[in-house]
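Written below as structure tokens is the structure these notes are about.
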Amino acid sequence: MKAGNATLSGYGTTIFEAMSALAREHTAVNLGQGFPDDRGRLDLRRAAADYVIDGHNQYPPMMGLAALRQAVAAHNRRFYGLDVDWQTEVLVTSGATEALLDGFLGLLEAGDEVVLFEPVYDTYVPVIRPRDELAAAFSPRTKLVVLNSPMNPAGKVFSRDELAFLAELIARHDAFAICDEVYEHLVFGDARHIPLMTLPGMRDRTLRIGSAGKTFSITGWKVGYITAQPHMLRPITKAHQFVTFTTPPNLQHAVAVGLGLDDAYFQGLGPALARSRDRLLAGLAALGVPVLTCDGTYFVVLDVSRWLRPDEDDIAFCRRLVIDAGLVLIPMSAFYETAPPRHLVRACFCKDDATIDAALQRLAAWAARQPA
Ligand SMILES: Cc1ncc(COP(=O)(O)O)c(C=O)c1O
């Protein structure tokens with residue numbers, strides 16, 4: 001019998017799925033996959049339910065409901081001062097995941113080169129290498145840069161200065177940027193999210209992706225939105241037309257309601273999540289676990305060197321932790337194509353206090369049983 005696609009067949013199950021399956025088997029506390037314990041806002045859940053009951057259950061427009069596209073344009077204006085034409089510059093997708101795929105399909109051709117930052121979220125490949133190394137990654141064939149800021153898994157929020165350096169490289173090499181900004185509102189303390197699109201010369205080279213999943217704590221809904229000028233959006237829309245064509249209308253309707261919430265909602269997201277981060281960090285500090293700086297996202301990176309057995313890597317460590325401690329963390333090597341670190345793991349803190357406390361208790365009990 002002929003085989004399926006060789007490239008795709010070569011990939012294993014994602015680490016998130018594998019660890020979640022192991023978690024179920026060992027009834028472990030799951031700080032692996034990034035989804036909140038939160039049930040989502042009642043007003044949005046109600047809006048989605050009512051829209052179905054009211055009978056809006058047929059194909060919505062391919063570009064997305066007008067109300068949602070208008071809401072995305074208004075959101076761009078409200079938070080970033082971007083003037084966006086909702087009719088020609090906004091596309092609704094089935095999650096940021098589809099938006100990324102549409103972006104790659106719509107912009108790339110065989111032979112084009114793409115610059116990625118490691119560690120990368122697994123849909124594409126520390127942080128910000130030295131600038132000369134970044135510059136050297138560009139070539140005349142570079143068509144696209146993929147930037148995820150705030151960055152999963154590193155918890156890094158790119159500064160204006162770093163973005164300006166990148167913008168100069170993009171302009172010099174006549175490239176495009178796909179900016180995965182799904183954590184745009186999940187930043188902490190003094191950190192500020194700055195869309196690359198707002199930098200000089202970047203408006204017509206940048207595709208900006210947002211996700212309702214992260215902004216409204218409803219990761220299962222898979223509603224994403226792309227903002228880009230028509231010359232970029234047109235081919236991407238062609239990809240979307242073949243990939244999903246559309247996204248459930250009730251969810252689009254409810255997300256439009258969500259994007260219209262007042263400033264206080266959006267401004268409250270970072271501080272609320274920072275509280276959970278700090279709860280986890282305090283517990284880790286008490287156990288003497290070093291962590292990397294975390295200015296945004298759902299995630300913090302832990303250095304587990306002192307617990308690694310000789311020859312044990314982060315993957316084996318995480319498996320051992322599920323089985324022996326009943327706690328799921330994600331090995332950071334999953335986010336690298338080349339030369340992965342072996343002593344770092346990712347923990348998700350977008351959880352209830354009770355989940356975070358249970359995770360810390362399990363880790364503490366397990367740590368007490370480890371050789372000194
Ligand atoms: C950086 C990043 N991009 C995209 C996604 C996927 O977003 P969505 O659920 O909207 O497809 C995630 C989900 O964890 C993510 O962390």
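Condition (residue is among the small types (Gly, Ala, Ser) and in a loop (DSSP other than H, G, I, E, B)) applied to the range 298-309: is it met by at least one residue? No, the range 298-309 contains no residue that is among the small types (Gly, Ala, Ser) and in a loop (DSSP other than H, G, I, E, B). For beta carbons closer than 7 Å, sequence separation of 6+ or different chains, a first residue in the range 8-34 that is assigned to a helix (DSSP H, G or I) and a second that is of a type in the set (Gly, Ala, Ser), the qualifying pairs are 9/3; 15/334; 16/32; 19/32; 20/32; 23/32. Where helices (runs of 4 or more DSSP H) fall entirely within the range 194-289, those with at least 1 residues that are in the same structural domain as residue 360 (by TED's automatic domain parsing), of a type outside the set (S, T, N, Q) and under 29 Å from residue 354 (Cβ atoms) are at 263-286. The set of residues from the range 147-168 being aliphatic (A, V, I, L, M), buried (at least 18 other Cβ atoms within 10 Å of the Cβ) and away from the ligand (no atom under 16 Å from the Cβ) comprises 163, 166, 167. Within the range 72-100, the set of residues being within 16 Å of the ligand (Cβ to nearest atom) and of a type outside the set (D, E, K, R) comprises 72, 75, 90, 91, 92, 93, 94, 95, 96, 97, 99, 100. Tell me whether the range 359-372 contains one or more residues that are within 24 Å of residue 26 (Cα to Cα), modelled with pLDDT of 95 or more and within 22 Å of the chain's Cα centre (by Cα). No, the range 359-372 contains no residue that is within 24 Å of residue 26 (Cα to Cα), modelled with pLDDT of 95 or more and within 22 Å of the chain's Cα centre (by Cα).
Acidic (Asp, Glu), crowded, with 23+ Cβ neighbours inside 10 Å, in the same structural domain as residue 227 (by TED's automatic domain parsing) and modelled with pLDDT of 95 or more: is that true of residue 112 in this structure? When the stated conditions are applied, residue 112 does not pass them.
Just one of the listed residues (265, 298) is within 16 Å of the ligand (Cβ to nearest atom) and closer than 30 Å to residue 65 by Cα, namely 298. Taking (1) loosely packed, with under 13 Cβ neighbours inside 10 Å; (2) within 20 Å of the chain's Cα centre (by Cα) in turn, residue 264 satisfies each apart from (2). No other residue among 334, 347 is within 16 Å of the ligand (Cβ to nearest atom), modelled with pLDDT under 95 and outside any loop (DSSP other than H, G, I, E, B) apart from 334. The condition (being in contact with a Lys or Arg (Cβ under 9 Å, 6 or more places away or on another chain), within 16 Å of the ligand (Cβ to nearest atom) and assigned to a helix (DSSP H, G or I)) is satisfied by just one residue among 44, 105: 105.
All of (1) closer than 30 Å to residue 43 by Cα; (2) out of contact with any helix residue (DSSP H, G or I) (no Cβ under 6 Å at 6 or more places or on another chain); (3) crowded, with 19+ Cβ neighbours inside 10 Å hold for residue 359 with one exception: (1). Of the listed requirements (1) more than 16 Å from the ligand (Cβ to nearest atom); (2) farther than 21 Å from residue 261 by Cβ; (3) assigned by TED's automatic domain parsing to the domain that holds residue 250, residue 10 misses just one: (3).
Pairs meeting the criteria (first residue in the range 46-75 and at positive phi and assigned by TED's automatic domain parsing to the domain that holds residue 223, second residue part of a helix (DSSP H, G or I) and surrounded by 15 or more Cβ atoms within 10 Å (Cβ to Cβ), beta carbons under 8 Å, at least 6 apart or on different chains) are 64/252. Taking the range 188-232 as the range and being β-branched (Val, Ile, Thr) and surrounded by 22 or more Cβ atoms within 10 Å (Cβ to Cβ) as the test, the residues that pass are 206, 209, 215, 218, 223, 226, 227.
The values are calculated or read from the model by the stated rules, or taken from the named source; none is laboratory data. Everything numeric here is computed off the predicted structure, so don't read it as measured data. All Cβ positions, even for glycine, are placed from backbone atoms using ideal geometry, and neighbour counts span all protein chains on display.
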